[in-house]
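Worksheet for the structure shown next.
The values are calculated or read from the model by the stated rules, or taken from the named source; none is laboratory data. If you're wondering where the values come from, they're calculated on a predicted model, not measured in any experiment. All Cβ positions, even for glycine, are placed from backbone atoms using ideal geometry, and neighbour counts span all protein chains on display. The protein model used for the area step is the full one, side chains on, heavy atoms only, and it has no ligands, DNA or RNA in it. Shrake-Rupley method; radii C 1.70, N 1.55, O 1.52, S 1.80 Å.
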Amino acid sequence: FTHFERLIKPKLLTSIKTSTIDRFSSLRITEDSKRNKGHSISPATVNKELRQLKAALRKARRWGYIATAPDFDFLREPEQLIEFIDTDQFTRLYEACESMKRPQDFRFTPAQWWRGVLCVGFLTGWRIGEILSLTWEDVDFEAHTAITRWSDNKGRRDGIVDLHPVVVEHLRSLAGFHQ
């Protein structure tokens, strides 16, 4: 909001129109980056600021401060290539699990736990929070599936995921009375 106020200097909330948002984007993208000297700020930074403005103006509309919220045109961002670790890197990570000291006080070793987390992440593509929130009631060892819950994944929807036999094998070694 600081950058918007500095560049646009709005007097009234009702004066903010689609053209105002476009002017902000065009001014903001030309400013110098504090992180990368000699470069302008990235489109992702401008888009992040636009998302915050959009949320605030939508809330202002719901509260009755403005009649309509302006339209937002986001800047195009360069697509980044997805980088996967190769089998050599995965092998080194898998072997390094042997040196882990936690979690303790379970019927399995810390190395087994970390190898399970590593395999689930590598072979499902799940984020760490999604992996750690998985419960045994959501794993079907016979059908080789797991349920990912809407509250734990980025897509915000429940889903059934087929599990690779290696994942099932690692999970089976961890299964117990704890969640």
Lysine pairs in the range 1-82 with Cα distance under 28 Å, only those 8 or more apart or on different chains: how many are there?
17
Under 5 Å from the placed amide H of residue 145, counting only residues 5+ away or on other chains, we find 140, 163
Could you do me a favour and compute the accessible area per residue for the range 85-179, 1.4 Å probe, result in Å²?
67 Å²
For the chain, the longest principal axis of the Cα atoms and the Cα long axis of helix 165-174 enclose an angle in degrees, to the nearest 10, of 80 degrees
Computing the accessible area with a 1.4 Å probe over protein heavy atoms, can you report the carbon and sulfur percentage for the range 1-101?
53 percent
Under Karplus coefficients 6.51, -1.76 and 1.60, residue-wise ³J(HN,Hα) of the range 14-28 in Hz, glycine/proline x:
6, 7, 7, 10, 4, 5, 5, 5, 4, 5, 4, 4, 5, 6, 5
Rounded to 10°, Cα long-axis angle of helix 87-96 versus longest principal axis of the chain
70 degrees
Calculated FRET value between residue 30 and residue 60, using beta carbons and R₀ = 22 Å, to 0.05
0.20
In whole angstrom, note down how far apart the Cα centers of the range 92-137 and the range 7-50 are.
42 Å
Please give, to one decimal in nm, the separation of the simple spin-label points placed at residue 82 and residue 111, each 7 Å out from Cα toward the Cβ.
3.2 nm
Using θ = phi - 60° and Karplus 6.51 cos²θ - 1.76 cosθ + 1.60, couplings along the range 137-145 (whole Hz; Gly, Pro as x)
5, 8, 10, 10, 5, 6, 8, 6, 9
So what's the angle, to the nearest 10 degrees on a 0 to 90 scale, between helix 43-62 and the longest Cα principal axis of the chain?
70 degrees
With point charges of +1 on the Cβ of Lys and Arg and -1 on the Cβ of Asp and Glu, referenced to the Cα centre of the chain, which listed residue (99, 16, 120) lies farthest in the positive direction of the dipole?
16
Built amide H within the under 5 Å cut-off of residue 40, gap 5+
33
With Rh as the Kirkwood radius over Cα pairs, the range 1-100 has Rg/Rh of 1.24
One checks the Cα atoms of the chain and finds Rg and Dmax, in Å, of 23.9, 65
GNM on the chain, C-alpha springs below 10 Å: top fluctuator among 154, 37, 101?
37
